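Notes follow once the structure below has been shown.
The values are calculated or read from the model by the stated rules, or taken from the named source; none is laboratory data. It should be emphasised that the depicted structure is a prediction, and the values quoted were computed from it without experimental measurement. A quick note on method: Cβ atoms are made from the backbone with ideal geometry, for glycine too, and the neighbour counts reach across all protein chains shown.
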Amino acid sequence: MSATAIRDETSFADLPIERDRDQFLRELIRELSGVLERTVGLEDAEGFIAMVGDRLGHVMNDEYKAALGKETLSRREIAKALVDLKDRIKGGFSVERIEGDAIVLVNDRCPFGRYVHDRPSLCMMTSNVFGRIAAENESFAEVTITEAIARGDSRCRVVVSFGTSAEGNHESRSYYAAD
């Protein structure tokens, strides 16, 4: 084919295909989590994703502390950091309340978008990032996801407790500061 014939063809960049790096990466994460869930089971898939979330939580916590010039964040700052990090990745988290030993957050927009549906293992990213940041600043945190878009709920509701959770039947995960 000659160079002239190639120029006369429709530009592929003009084709009505919605694909950019962000969408590609969300699709990649969805497919990877699906393969893990089907291959090793939900529990082990959650374990793999939890390990990634834990590592990212360390990095993000260090970034917030450095940016604020602090050794540790207060509970109010932890809440603000959790909302901010989700905002930066296009999540819709907000603080429902901070009371006693708990921060309660709600979310109406998952950073994974529609790709999170039927991928509950991806909730371990939120649990571990939130848990790691909270624990590194408070020595201990327990995270309970009482509602999750990934599980078919209309929103996410996440409770970060700094004592024992009172969230009933929901599975909680405990996080401790790294030594």
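Things to note:
- Of all residues making up the stretch 56-100, the number that are surrounded by 13 or more Cβ atoms within 10 Å (Cβ to Cβ) and basic (K, R): 5
- Test: N137 is closer than 25 Å to D62 by Cβ and either buried (at least 24 other Cβ atoms within 10 Å of the Cβ) or touching a Leu at 6+ places or on another chain (Cβ under 6 Å) (or both): yes
- Screening the candidates L73, L25, L82 for the property of being of a type in the set (A, V, I, L, M, F, W, C), out of contact with any Cys (no Cβ under 9 Å at 6 or more places or on another chain), in contact (Cβ under 8 Å) with a residue 12 or more places away in the chain and within 19 Å of C123 (Cβ to Cβ) yields one hit, L82.
- Any hit, the stretch 57-71, residues being in a loop (DSSP other than H, G, I, E, B), touching a strand residue (DSSP E or B) at 6+ places or on another chain (Cβ under 9 Å), closer than 16 Å to E138 by Cβ and of a type outside the set (A, V, I, L, M): no
- Considering the conditions (1) surrounded by 12 or more Cβ atoms within 10 Å (Cβ to Cβ); (2) farther than 27 Å from G163 by Cβ, I103 is excluded by exactly one of them, (2).
- Test result for R151, touching a residue at least 12 places away in the same chain (Cβ under 8 Å) and farther than 19 Å from I49 by Cβ: no
- D54 vs. criteria out of contact with any strand residue (DSSP E or B) (no Cβ under 6 Å at 6 or more places or on another chain), touching a residue at least 60 places away in the same chain (Cβ under 8 Å) and under 23 Å from T146 (Cβ atoms): yes
Yes or no, residue by residue, for (1) within 18 Å of M60 (Cα to Cα); (2) in contact with a helix residue (DSSP H, G or I) (Cβ under 8 Å, 6 or more places away or on another chain):
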site: E71; (1), (2): yes, yes
site: R97; (1), (2): no, no
site: V104; (1), (2): no, no
site: N128; (1), (2): yes, yes
site: I145; (1), (2): no, yes
site: V160; (1), (2): yes, yes
site: E171; (1), (2): no, no
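- You will find that of R157, R119, the residue that is in contact with a strand residue (DSSP E or B) (Cβ under 9 Å, 6 or more places away or on another chain) and closer than 23 Å to E43 by Cβ is R157 and no other.
- Test: residue in the stretch 35-56 that is at pLDDT 95 or above, within 21 Å of F130 (Cβ to Cβ), of a type in the set (S, T, Y) and assigned to a helix (DSSP H, G or I): no
- Exactly one residue among I17, I78 is among the aliphatic types (A, V, I, L, M) and closer than 22 Å to A177 by Cβ, and that residue is I78.
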